[in-house]
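Following: one structure in structure tokens, then a few remarks.
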Amino acid sequence: MKRKLQFFFLLAILNLPFIGYSQKELNQHLPVRGFCIAAPTPQNLDSFLTFINQELAPRHVNTLILRVDYHYQYASHPELVDTLALSLADVKKIVKTSRDNNIRLIPQVNLLGHQSWANHTGKLLTAYPQFDETPWIVMPEKYQWPNADSLYCKSYCPSHPDVHKVVFEVMDEICDAFESNAFHAGLDEVFIIGDSKCARCNGKTKSELFAGEVTTLRNHLKKEKRELWIWGDRLLDGRAHKVGMWEGSYNDTHQAIDMIPKDVVICDWHYERPDKTAKYFAEKGFRVITCPWRRPDVAIAQVADMVQWRKESDKKVRKNYLGIMQTVWSSSSSFLNGYYGLAVPNPNAQALDSVNTAWNTFRLMSDNIDKLKNSSNR
């Protein structure tokens, strides 16, 4: 009975009306209406292009971040090419479709952290094991968390003298391919940084190392008039903001917020509750985007917060509140299967599980955003 009441209460929240705005006002109140997902495979490219045309554009998405990593046929570093890699011709189809729909396209390659996942080492450290910050940590046959090595994901050493030559060439090539004036470097959930056993990093604080890497990447991009976008979790003091170790830093990197250039765009993600840390970033002078995932009630609250902050803030701070971006942490094919109802339902799923999905969140959140535009015409 309690679960049914929760379900109907959630539906009531999702149907709350917004004060109406015109299309111009929608752009003023939510300049960025973004969508972030893994890049499609070549086999699923056509269905993804259809999704851009028939769903993203009509739902007012104007920014698309594709998590490419090494699933692209890099000419500069063929040794880094992963499986199911997009060709340059594939990417150009995405570029054209996005441009035709006035959608800004931004590629992402995870840098610094997330150089491994579970028991699998990523392409960068596989090809260049000398870049590993903690080469003495052996990848387990069966991954478990927590573990004795405190291994979540491997990191490359930001102090290695050769790492940035490779990283810069990857960044340049993928930005050229996507014809993008921005690059998303990830930089989230960096638990391994400045290890005491690393001769290159020893003696430097973790905040100095993190700030140095952000600044190094930003400075390289700026030469080509490109922006750096990153996830914001390493810049939040987890204890002060009362968030967990994934959403905030417990290893001193948060102090980097006062050491990095203010033109870095922060993607502030909170998935289980609508924490208001975007205000912290905006008041620090950073442009910030709030990022939900799979809870529609949280996403809609975050939209309302963003609209309200832009409405009530003074002109100097208002410009820092850029908007909202749906994140998807699965393959694009899995998301599309769920979005179009092709996924096999779990017979053991509870009532709220049918609501709390990335595709349902995107649909309900964008429907709610649509009310911002349309309700003034009723």
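The values are calculated or read from the model by the stated rules, or taken from the named source; none is laboratory data. Note that the coordinates shown come from a computational prediction; the quantities given were computed from them, not determined experimentally. Virtual Cβ from ideal backbone geometry, glycine too; neighbours counted across all protein chains shown.
One residue alone among THR290, THR253 is surrounded by 22 or more Cβ atoms within 10 Å (Cβ to Cβ) and over 18 Å from the mean Cα position of the chain (by Cα), and that residue is THR253.
Table: residues versus (1) small (Gly, Ala, Ser); (2) buried (at least 17 other Cβ atoms within 10 Å of the Cβ); (3) over 18 Å from THR327 (Cβ atoms).
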| residue | (1), (2), (3) |
| --- | --- |
| SER207 | yes, yes, yes |
| LYS222 | no, no, yes |
| LYS225 | no, no, yes |
| TRP229 | no, yes, no |
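Residue by residue, here is whether (1) at positive phi; (2) surrounded by 13 or more Cβ atoms within 10 Å (Cβ to Cβ); (3) touching a residue at least 12 places away in the same chain (Cβ under 8 Å) holds:
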| position | (1), (2), (3) |
| --- | --- |
| TYR70 | no, yes, yes |
| PRO78 | no, no, no |
| ALA85 | no, yes, yes |
| ASN101 | no, yes, yes |
| HIS114 | yes, yes, yes |
| GLY122 | no, yes, yes |
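Mind checking whether some residue in region 323-341 is in contact with a Pro (Cβ under 6 Å, 6 or more places away or on another chain) and on the phi > 0 side of the Ramachandran plot? Within region 323-341, one or more residues are in contact with a Pro (Cβ under 6 Å, 6 or more places away or on another chain) and on the phi > 0 side of the Ramachandran plot. Candidates are the residues of region 157-174 that are touching a helix residue (DSSP H, G or I) at 6+ places or on another chain (Cβ under 8 Å) and not in a helix (DSSP H, G or I); the one that is surrounded by the most Cβ atoms within 10 Å (Cβ to Cβ) is PRO158.
Just to be sure before I move on: is ALA240 surrounded by fewer than 22 Cβ atoms within 10 Å (Cβ to Cβ), among the aliphatic types (A, V, I, L, M) and under 17 Å from the mean Cα position of the chain (by Cα) in the structure I sent? When the stated conditions are applied, ALA240 does not pass them. Taking region 16-108 as the region of interest, the helices (runs of 4 or more DSSP H) fully inside it that hold 2 or more residues being over 24 Å from ALA299 (Cα atoms) are 45-51, 88-100.
Per the conditions (1) surrounded by fewer than 22 Cβ atoms within 10 Å (Cβ to Cβ); (2) farther than 21 Å from HIS114 by Cβ, the sole criterion not satisfied by GLY186 is (2). In summary, helices (runs of 4 or more DSSP H) completely within region 181-296 and bearing 2 or more residues that are within 25 Å of ARG104 (Cβ to Cβ) and in contact with a helix residue (DSSP H, G or I) (Cβ under 7 Å, 6 or more places away or on another chain) occur at 206-223, 278-283.
Note on region 154-174: residues that are within 14 Å of LEU187 (Cβ to Cβ), over 19 Å from the mean Cα position of the chain (by Cα) and among the hydroxyl-bearing types (Ser, Thr, Tyr) total 1. Scoring ILE65 on the criteria (1) surrounded by fewer than 20 Cβ atoms within 10 Å (Cβ to Cβ); (2) of a type outside the set (Gly, Ala, Ser); (3) in contact with a strand residue (DSSP E or B) (Cβ under 7 Å, 6 or more places away or on another chain) leaves a single failure, condition (1). Residues that are outside any helix (DSSP H, G or I), over 24 Å from the mean Cα position of the chain (by Cα) and surrounded by 11 or more Cβ atoms within 10 Å (Cβ to Cβ) within region 128-142 comprise TYR128, THR134, PRO135, ILE137, MET139, PRO140, listed in sequence order. Kindly indicate whether any position in region 306-318 is free of Cβ contacts under 8 Å to residues at least 60 places away in the same chain, within 19 Å of the chain's Cα centre (by Cα) and more than 18 Å from ARG363 (Cβ to Cβ). There is no residue in region 306-318 that is free of Cβ contacts under 8 Å to residues at least 60 places away in the same chain, within 19 Å of the chain's Cα centre (by Cα) and more than 18 Å from ARG363 (Cβ to Cβ).
The lone criterion from (1) touching a residue at least 12 places away in the same chain (Cβ under 8 Å); (2) farther than 20 Å from ILE37 by Cβ left unmet by ALA89 is number (1).
Only one entry of LYS197, LYS225 meets the criterion of being farther than 14 Å from THR253 by Cβ and at pLDDT below 95, and that entry is LYS197.
Going residue by residue through region 191-199, is there one that turns out to be under 24 Å from ARG67 (Cβ atoms), surrounded by 17 or more Cβ atoms within 10 Å (Cβ to Cβ) and of a type outside the set (Phe, Trp, Tyr)? Show your work before the answer.
The initial filter retains those residues of region 191-199 that are under 24 Å from ARG67 (Cβ atoms), namely 191-193.
Applying the additional criterion that residues be surrounded by 17 or more Cβ atoms within 10 Å (Cβ to Cβ) yields 191-193.
From what is left, the residues that are of a type outside the set (Phe, Trp, Tyr) are 192-193.
Within region 191-199 (the criterion being under 24 Å from ARG67 (Cβ atoms), surrounded by 17 or more Cβ atoms within 10 Å (Cβ to Cβ) and of a type outside the set (Phe, Trp, Tyr)), the answer is yes, since at least one residue qualifies.
Checked against the criterion of being touching a Leu at 6+ places or on another chain (Cβ under 7 Å) and not basic (Lys, Arg), region 204-211 has no qualifying residue.
The number of residues in region 214-240 that are free of Cβ contacts under 8 Å to residues at least 24 places away in the same chain, basic (Lys, Arg) and under 20 Å from THR277 (Cα atoms) comes to 1.
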